[in-house]
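Only the coordinates and a few stated rules stand behind these numbers; no lab work does. Quantities reported herein were computed from a predicted structural model and do not represent experimental measurements. Glycine also receives a Cβ, built like all others from the backbone with ideal geometry; neighbour counts cover every protein chain displayed.
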Amino acid sequence: MVRALTAARMGFREQRRHTLLLVLLVTVPFLFISWSFAITEPLPRQILLPGGDTLLTTMKDLHGAIMVPITVGFLAGLMGLFVVQSALESDRRLVVAGFRPGEVILPRLAVLGAATLVVLAVSLGVTAIDFTPASWAPFIAGNLLIGLIYGAIGALAGVFLGRLGGVYLMFFLPMMDIGVARNPMFFDGAPQGWATVLPGYGPTRLLLDGAFSSSFHAGEDLAIALLWLAGLSLALALLLRREVAAER
Amino acid sequence: MDNVDQTRASSNDNPNALNLDADPVLRIAGIEKSFRRGFWPRRREIKVLRGIGLEIGPGELIGLVGENGSGKSTLMKIIVGLLDRDAGRIELSGSLGYCPQIPLLWEKLTIDEHFELFARAYDLGKEEGTRSADELLKELRFTRYRGYRIEELSGGTRQKLNLALALMHTPDLLLLDEPYSGFLGTGDERRRRNRPTDANPESGRCSDCGRGRTGLVGR
């Protein structure tokens, strides 16, 4: 336990010293979200919400609301990639020296979770300047789940694809998954069949329900999102254990 | 690498330092390792280690010498557990210190923070860890950099830390993989390094590893 706490303390300290990364975590939400609200015309747009209701809103609100999960997913994915990938080799040495794999892995995941919360807090703070969701709780929960899911995907990508490949994937996947495949600006809010199997499906429906509906209709979407999160977390924990564990 | 021509050498001038009758600190037998690289049609299997066997007793120093790609670092990594082996047996008794060929450090942490982390890994108390770190910083002459982050250090100073982290808990078995790459010290240090061995079985620390590019030191 003392070892894990020391590793966590060092892990947080290490990330705090990545000045450029901290600047990125704060400025990207401002640029992505505020800019989207600023440049989009408030043209009327009808969308289909979870639960089957249709809603008349504006492209401006829709664009702003959908940029929040794109931003959170993109940044959390990058954090997952860098937090895990950059420290993997050194963490293995720590295990050789005497740490148990869990004492190295849990602090890394704690750092990743905290970074996701920072991204989420900044993104929601920026959103609140221009847009007020009909119901904050599902909106926050949906974005948090997007952050955690993409944080895990980023970490997995770092292990399998390396830093460069992981960065490419993180540029591509959240944008395709959240920004194109299920974006109510392009479709009517009911995603195409193929889009429902992507990781952003459940949490995006959940947050859109919160953004535009004061009553909750996204129980099934919440369950799908939690299943994705549980599966990815398990895969990540097993993979990291295999990667850092000493072979004896 | 087919096998190791094992020549036992006393780790200093004191004949009492080497006890050939004592149980070995490390015993390995039949170690095999192959790497599979590339995709069809350029898929290749590279056999690196074929039936390696080795015993290291207390106080012994063994140098592994070989061409590039002969498997010295691979053997070290297999012994410490950083690489899986295809076949063979490893019996290790006692604590292990490992100095990898490429320093595995955290760029944003300071030298002192590295010592703190590894003191925890080795279960050293706060006082013991600090004392050990102070001694090594002094011995390897990089005390003035203790508050520096790794990203601010030269390659040689990184390598000094890399070595110090392997030594700080006075391990029973010390594995040094090219411990002096990029490491230029004072004239005295360079002269000392040209001596065949300079291991100190009393402290369990091997300040020098002879001329072998890769060394294993048993205590």
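Residues A:F12, B:F39 in ascending order of nearby Cβ atoms (within 10 Å, fewest first): B:F39, A:F12. Computed on chain A, the Cα convex hull volume stands at 120 Å³ per residue. Alpha-carbon geometry of the stretch A:115-240: the Rg and the Dmax are 14.6, 43 Å, given in that order. Give me, ordered by chain and number, the residues 5 or more places off B:A87 or on other chains with an amide H under 5 Å from its own placed amide H. Long-range HN contacts for B:A87: B:E32. Annotation: for a label point projected 7 angstrom from Cα along Cα→Cβ of A:L24, residues of the stretch A:46-89 with backbone N closer than 19 Å are A:68-89. Oblate is the label for the stretch A:133-193, because the ratio a/c of its alpha-carbon gyration tensor axes (a ≥ b ≥ c) is 1.5 or higher and a/b is not greater than b/c. Projected label points at B:E135 and A:M1, each 7 Å from Cα along the beta carbon direction, are separated by 3.1 nanometres.
What order do you get for B:V80, A:V26, B:V48, A:V119 when you list them from fewest to most C-beta neighbours inside 10 Å? List each step's numbers first, then the result.
Numbers: B:V80 25, A:V26 14, B:V48 20, A:V119 28.
Starting with the residue having the fewest Cβ neighbours, the order is A:V26, B:V48, B:V80, A:V119.
Taking a ≥ b ≥ c as the square roots of the eigenvalues of the alpha-carbon gyration tensor, the stretch B:13-130 is classed oblate because a/c is 1.5 or more while a/b is no larger than b/c. Along the stretch B:171-179 the Karplus relation, 6.51 cos²θ - 1.76 cosθ + 1.60 evaluated at θ = phi - 60°, assigns HN-Hα couplings of x, 5, 10, 10, 10, 10, 9, 6, x Hz to successive residues, with x for each Gly and Pro.
Spread over its residues, the convex hull of the C-alpha atoms of the stretch A:29-135 is 115 Å³ per residue.
Taking every DSSP helix (H) stretch of at least 4 residues in chain A, weighting each as -39,500 (n - 2.57) and dividing the sum by the residue count yields a mean residue ellipticity at 222 nm of -24000 deg cm²/dmol. Using a simple spin-label model with pseudo-atoms 7 Å out from Cα toward Cβ, A:E89 and B:A22 lie 3.4 nm apart. With the largest listed first and rounded to whole Å, the semi-axes of the equivalent ellipsoid of the stretch A:120-164 from the Cα gyration tensor are 29, 11, 6. Hey, if you drop one equal point scatterer on each alpha-carbon of the stretch A:19-92 and run the Debye formula without solvent, what base-10 log of I(q)/I(0) do you get at q = 0.15, 0.16, 0.26, 0.28 Å⁻¹? After summing over all Cα pairs, the log10 values are -0.66, -0.70, -1.11, -1.17. Ranked by how many other Cβ atoms sit within 10 Å of their own Cβ, fewest first, the residues A:T132, A:T204, A:T6 fall in the order A:T132, A:T6, A:T204. Lysine pair count for the protein assembly as shown with Cα-Cα distance under 27 Å and sequence separation of 8 or more or different chains is 14. Computed over the alpha-carbon atoms, the stretch A:168-248 gives an Rg to Rh ratio of 1.11, Rh here being the Kirkwood radius from the mean inverse distance.
The length gained by stretching the chain between A:Q46 and A:W194 to full extension, at 0.36 nm per residue less their Cα-Cα distance, is 51.1 nm. Per q in 0.08, 0.09, 0.11, 0.12 Å⁻¹, report the Debye log10 I(q)/I(0) for the protein assembly as shown, using one uniform scatterer on each alpha carbon and no solvent. Computed log10 I(q)/I(0) values: -0.59, -0.70, -0.90, -0.99. Between B:S154 and A:E220, how high is the FRET efficiency from 1/(1 + (r/R0)^6) when r is the Cβ-Cβ distance and R₀ = 56 Å? Nearest 0.05. Approximately 0.45, to the nearest 0.05.
Taking A:M67, A:M170, A:M59 as the candidate residues, the one with maximal mean-square fluctuation in a Gaussian network model of chain A, Cα springs under 10 Å, is A:M59. Once you reduce the stretch A:142-187 and the stretch A:17-65 to the center of their Cα atoms, the two points are 17 Å from each other.
The percentage of C-alpha pairs in the stretch B:94-157 whose separation is greater than 12 Å is 72%. Sequentially through the stretch A:163-171, phi angles give Karplus couplings (6.51, -1.76, 1.60; θ = phi - 60°) of 5, 5, x, x, 5, 4, 5, 6, 6 Hz, Gly and Pro residues having no value and appearing as x.
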